[in-house]
1. Among Leu68, Leu84, Leu48, Leu13, which is surrounded by 10 or more Cβ atoms within 10 Å (Cβ to Cβ) and modelled with pLDDT under 65?
2. Return the residue satisfying two criteria in turn: it lies in segment 71-81 and is of a type in the set (Ser, Thr, Tyr) and under 11 Å from Ile38 (Cα atoms), and of such residues it is surrounded by the most Cβ atoms within 10 Å (Cβ to Cβ).
3. When you look at Tyr100, is it surrounded by 11 or more Cβ atoms within 10 Å (Cβ to Cβ), touching a residue at least 12 places away in the same chain (Cβ under 8 Å) and assigned to a helix (DSSP H, G or I), yes or no?
4. Quick check on segment 103-144: of everything there that is among the aromatic types (Phe, Trp, Tyr) and surrounded by 10 or more Cβ atoms within 10 Å (Cβ to Cβ), which residue is nearest to His51 (Cα to Cα)?
5. Name every residue in segment 57-109 that is among the aromatic types (Phe, Trp, Tyr) and within 16 Å of the chain's Cα centre (by Cα), in order of residue number.
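The values are calculated or read from the model by the stated rules, or taken from the named source; none is laboratory data. Source: prediction; values computed, not measured. Note that each Cβ is placed from the backbone with ideal geometry, even for glycine, and that neighbours are counted across all protein chains shown.
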Amino acid sequence: MKAYKVYSVIILLIVIISPFIIVSSQSSEDVIGTNSTITQLLGEIVYLYDHGVNVSQLVNKLNYAVKLEQEGNITASSLIISQLQENISALMPSAESNYYKIIALKIIEIILLLSIPVLTYVFLPRIYLSIWYRSRRKWLVKKK
């Protein structure tokens, strides 16, 4: 019972302190928050990821561009960002078709999983009887 009280106090403290943490993190200025191009690219990369596109290389390039910008090498960073914009714009049309393919495959998988009990109900007795008749085909019934 004492552990319950300790956990409730900890949760209460987290609830009380969390708004202050959120406000302080929003007021701090970092490279991603000040550069709207990078945040836009990050949003587009998240969109591509949500639609099933492999974005690991894009994330690595964006991370490298942010590091270069933090180090002060803005020309190299802007070059990488422009390459990223081209790559993302090339991947956008394939993201929609890929997303619809994933949805269709999930629907087909659900239908197949739901059909297993129905198919078992229909075909298992028939298969069992067929095997039973075949195994006892040569049996003879004796008269008394």
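1. The unique qualifying residue is Leu13.
2. Ser77
3. no
4. Phe123
5. Hits for segment 57-109 are Tyr99, Tyr100.
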